[in-house]
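Okay, here's the structure, questions in a sec.
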There are 6 protein chains.
Amino acid sequence: MNHDKNQKKRGIIVGRFQPYHLGHHNAVKNILQEMDELAIVIGSSDDSYNLQNPFTSGERLEMICGALKKDRLYEKCFIAQVPDVNENSLWTSKIISYFPAFEVVYTNNPLVKQLFEKAGYSTKKMVSNLKDIDGMKIRQLMFSGKDWKKLVPASVADYLEKIGAEKRIKAIIEKEEKE
Amino acid sequence: MNHDKNQKKRGIIVGRFQPYHLGHHNAVKNILQEMDELAIVIGSSDDSYNLQNPFTSGERLEMICGALKKDRLYEKCFIAQVPDVNENSLWTSKIISYFPAFEVVYTNNPLVKQLFEKAGYSTKKMVSNLKDIDGMKIRQLMFSGKDWKKLVPASVADYLEKIGAEKRIKAIIEKEEKE
Amino acid sequence: MNHDKNQKKRGIIVGRFQPYHLGHHNAVKNILQEMDELAIVIGSSDDSYNLQNPFTSGERLEMICGALKKDRLYEKCFIAQVPDVNENSLWTSKIISYFPAFEVVYTNNPLVKQLFEKAGYSTKKMVSNLKDIDGMKIRQLMFSGKDWKKLVPASVADYLEKIGAEKRIKAIIEKEEKE
Amino acid sequence: MNHDKNQKKRGIIVGRFQPYHLGHHNAVKNILQEMDELAIVIGSSDDSYNLQNPFTSGERLEMICGALKKDRLYEKCFIAQVPDVNENSLWTSKIISYFPAFEVVYTNNPLVKQLFEKAGYSTKKMVSNLKDIDGMKIRQLMFSGKDWKKLVPASVADYLEKIGAEKRIKAIIEKEEKE
Amino acid sequence: MNHDKNQKKRGIIVGRFQPYHLGHHNAVKNILQEMDELAIVIGSSDDSYNLQNPFTSGERLEMICGALKKDRLYEKCFIAQVPDVNENSLWTSKIISYFPAFEVVYTNNPLVKQLFEKAGYSTKKMVSNLKDIDGMKIRQLMFSGKDWKKLVPASVADYLEKIGAEKRIKAIIEKEEKE
Amino acid sequence: MNHDKNQKKRGIIVGRFQPYHLGHHNAVKNILQEMDELAIVIGSSDDSYNLQNPFTSGERLEMICGALKKDRLYEKCFIAQVPDVNENSLWTSKIISYFPAFEVVYTNNPLVKQLFEKAGYSTKKMVSNLKDIDGMKIRQLMFSGKDWKKLVPASVADYLEKIGAEKRIKAIIEKEEKE
């Protein structure tokens, strides 16, 4: 209802991308098999330097754009940065305000599915061939100094090393443990 | 200090893009003569349906991406959506949080220039060959039903027509006059 | 779409009610000729002690409930208190979050009409037989010490006198003039 | 001090009403034995679609008004919707801003009691004959698909069924478990 | 009510101190003739780099502490930094939350007087022997490059020169004129 | 970079001071051996009446100023009250906005250290001879009615007794256990 009828078919995914990993990247590729264009929405864009969201939304934008450009997918994608909204009942309106026109919401989150269906959108499962990769696992590997680099696109691994991701995550966790 | 040393030289511009017009578009082209990449920051991303900000940040993202893709400039650009921050003293940190790595800030706003220079960035004039176009003039033409379409990229004119921009601006102004 | 299908037909009006006056009260009676129930939404519920919103939302609730109970209309009405939302694009969702189920929006505000129609609701003109009464005029009469009491329901006049409305408005205006 | 001296004696209760259940409803009836009028304050009015607050404040308003009207108690009640305030030290002022005039605060919460007594109000225990019913228990029964309907007024059970309460709570809990 | 009964008599003043000038400083000295201690509350502490509030609350803290220390008054003073509260009805509670114990509010603002009296405090006129000095006048002199230094304590003049106050105010005003 | 070059050397510490205890007080004395002046920043200044932050920032200001004045240290100190900022990436800018000029940040928190070093400041360990005292332990002693008074400066113990600290903490904890 809130979306325009474009000729091009557009999907949308919403995530925190802490960090953007190969599971995300594979799902993006899969969706682009079915849709002409894809909007990647970076949620919790105001959060950073905490346990669940160590990286700023700008850093996440860099990771995503870097990986997409490398694989020549950027031209087909839009990246939106959306702050959290206190009231979950306003959440779909917030997403639409930051990215207005799409047809299919790809999600595995049952609440996201329910909220978008209530708002009149169709939803589909987000399928990744690498579904056992998730952000929390990567952050834990970073903390414990184990190998996490093979779980993210190469350009993301370089970027995270450059900004000192491991050291940041260690400082965040040490601080949390103190409080 | 907050920026990484990329090989590629990156500029940044910050605007509200209500709407994205030929003045902006020409400046973008000019900057891309000097810089490898450009970040276009959509400010006041939370504002919409009011006099100064009739369009949502998502609609502005559509306008900008549409025009850049048409002219094959999208690959060299990043688009960030940044909400206003109450405290102006935090504003540069907010921008950096939404887009971290750049060298030169292009701006004609004396306060933006002062704040970024205080934060250690170099600044340059933003030069447009079409400098007498501005957003407020276009919004006034929309309100009075005069021709504004030649002042924006063709793809933007189509988009604004599709979302009923004139009707929206008239409703906003009528409402303001009542209060 | 977001509303349930009740048997009873429900209308909704949104206002700031600074103060609740005979123009409002007459419109409420007119709507209740056409609808079984009416939701009265007190907007800007967080605002108070300023020029446009001198009274707290609680004081406005008292005025409205007092007048409705006096005229035996309370049983057919719901009163909601809704804070402003920064982003106008989220405004209808906010109203729906504070009062979910209604069919017809009564409004003379062109932007309210446009936003609710975009969200799939039908709208109607709000008709008052006393249409030259408005809140700003009453607040000005209060400031200048002229007679405003005949423009509000008797119970509202009593209430406003009890809480010292005139003295409050004078203090607010004197303060504004100083800044 | 902040309250007016009405002839009618007024009590106040504050709750989240997730959902409004027979324990609440019985306490309301008990208070109306002692007081002429009662203000029911819906707290956390901005919260919804999360574990502690699955229902919007509008949905809670519907539940409360429905049950009160059914039992012919609505005429004696006021319903206020109050967003959370970040600073607990401002909380009583916030309540007073949303509902100004009352004499006795009915509460079993030791902090609510302490804050209102500090602000000069008298407090009393809120007594329900059905004191082993609480919102969390009902939400857990909803999640596990067990019978919860006998714990809420019949009109509330109908309403919750109509809006798909069980399905919503399941989606919220599944989502929480994932994060 | 919210204040403790100290032996020492305490006054309070609330201002924005943009900048702290000789009018303020003289009033402070006058109050300290009558009271043992004085709390100086820096309001709008979140505002900076705008027309009404060019200086951060930290810069204002520096100005005030510098002038008080110079004149050996600091030992008798407390400085509090209080952000604006959206809801004016919560304003006195906010002040009390940031500085709890005082007896007399010194103010020439009729709304401040009314709000504190409503909260049970006594109020007095704030008397300065230099009453024709005000912040707006000083900011205008700064903008037009005329002499403003004799209107502020010498230590404040030095500080404002060091942080480039004139240049900042010019940039702020030029920016405002553009929008 | 954001700090002025004063002749006097200034340190800064940031804490929540719930309550201000002998560990803090000893560290303050130690820092004042090395630095001419010290800024004590009261963080989370908007939080109060909750588990982690039972006392308002005003009450904490009273505790700190009382203890400093008693020991004739107040003249060398500045006290700032800083609300939390949602975005941790803006945190150092927020501190600087509330207290602009300092050289050395004293902290034992690894994230604070990392954030200030990223912003160009030098950091040092905060050394207390009484390092096994911490706020959480004191709050637990208050809750269980055991002796906590010897862990805070005598003036702080008197103040906390006067404002009913034990009773407040018990009410907060009882409330938390209920939810």
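Going by the alpha-carbon gyration tensor, a ≥ b ≥ c the square roots of its eigenvalues, is segment B:99-179 rounded (a/c under 1.5) or, if a/c is not under 1.5, prolate (a/b greater than b/c) versus oblate?
On the way: a/c = 2.61, a/b = 1.94, b/c = 1.34.
It is prolate, given that a/c is not under 1.5 and a/b is the larger ratio.
Nearest 0.05, what FRET efficiency do A:Glu176 and F:Asn129 give at R0 = 30 Å with Cβ-Cβ as r? Don't jump to the answer; show the numbers that get you there.
Details: r = 27 Å, r/R0 = 0.89.
After rounding, the FRET efficiency stands at 0.65.
Follow-up. Could you work out which residue, out of A:Gln52, A:Gln81, A:Gln33, moves most in a Gaussian network model of chain A, that is, has the largest mean-square fluctuation with Cα springs under 10 Å?
Taking springs between Cα atoms under 10 Å, the residue moving most is A:Gln33.
While we're on this one: Calculate for chain A the 222 nm mean residue ellipticity that helices alone would give, adding -39,500 (n - 2.57) per DSSP H run of length 4 or more and normalising by residue count, nearest 500 deg cm²/dmol. List each step's numbers first, then the result.
Details: 7 runs with 77 residues, N = 179.
Dividing the helical sum by the residues of chain A leaves -13000 deg cm²/dmol.
Taking a label point 7 Å from Cα toward Cβ, how far is C:Lys131 from its twins in the other copies, in nm, shortest first?
Here the equivalent label points are 4.9, 4.9, 5.8, 6.1, 7.7 nm apart from this one.
I would also like to ask the following. Compute the label-point distances linking D:Lys118 to its equivalents in the other copies; points lie 7 Å from Cα along Cα→Cβ; give nm, one decimal, shortest first.
Here the equivalent label points are 2.1, 3.5, 3.6, 3.6, 4.3 nm apart from this one.
Using a 10 Å cut-off around each Cβ, can you sort F:Lys8, A:Lys9, F:Lys94 from fewest to most neighbouring Cβ atoms?
On the way: F:Lys8 10, A:Lys9 13, F:Lys94 22.
With the fewest neighbours first, F:Lys8, A:Lys9, F:Lys94 line up as F:Lys8, A:Lys9, F:Lys94.
Hey, how many Å between the Cα centroid of segment B:88-137 and the Cα centroid of segment D:55-90?
Cα centroid of segment B:88-137 versus Cα centroid of segment D:55-90: 47 Å apart.
What residue among D:Ile96, D:Tyr106, D:Val127 has its Cα farthest toward the positive end of the dipole of segment D:20-135, where the charges are +1 on Lys, Arg and -1 on Asp, Glu, each on the Cβ?
Checking the options against the dipole of segment D:20-135, the answer is D:Val127.
Calculate the spin-label point distance for A:Lys137 paired with C:Ile163, positioning each point 7 Å from the Cα along the beta-carbon direction, and give it in nanometres.
The answer from the label model is 5.8 nm.
Name the nearest-to-axis residue of chain F, judged by Cβ distance to the rotation axis taking chain F onto chain A, and quote that distance in whole Å.
F:Asn86, 6
Another question about this same structure. Would you mind calculating the relative contact order of segment E:10-178 from Cα pairs under 8 angstrom and at least 6 residues apart, reporting the percent as a whole number?
Working: 253 pairs, mean separation 51.7, N = 169.
Here the relative contact order equals 31 percent.
Can you classify segment C:14-125 as rounded, prolate or oblate using the Cα gyration tensor, where a ≥ b ≥ c are the square roots of its eigenvalues, rounded means a/c under 1.5, and otherwise it's prolate if a/b beats b/c and oblate if not? Numbers along the way, then the final one.
Numbers: a/c = 1.74, a/b = 1.08, b/c = 1.60.
Because a/c hits 1.5 or more and a/b fails to exceed b/c, segment C:14-125 counts as oblate.
For the protein assembly as shown, what is the Kirkwood estimate of the hydrodynamic radius, computed as the reciprocal of the mean inverse distance between distinct Cα atoms, to one decimal in Å? It would help to have the intermediate numbers written out before the result.
On the way: mean 1/r = 0.0321 Å⁻¹.
Kirkwood radius, the protein assembly as shown: 31.2 Å.
I need the inter-copy label distances for D:Asn86: point set 7 Å along Cα to C-beta, values in nm with one decimal, smallest first.
The projected label point of D:Asn86 is separated from its counterparts by 0.6, 0.9, 0.9, 1.1, 1.1 nm.
Calculate one ³J(HN,Hα) per residue across segment A:35-43 by plugging θ = phi - 60° into the Karplus curve 6.51 cos²θ - 1.76 cosθ + 1.60, and present them in order as whole Hz with x for glycine and proline.
10, 6, 9, 9, 9, 9, 9, 7, x
Any read-out appearing in this document is the output of simple, stated calculations on the displayed coordinates, not a laboratory observation. Quick caveat, the model's predicted, so the values are computed rather than measured. Backbone-built Cβ (ideal geometry, glycine too); neighbour counts: all protein chains shown.
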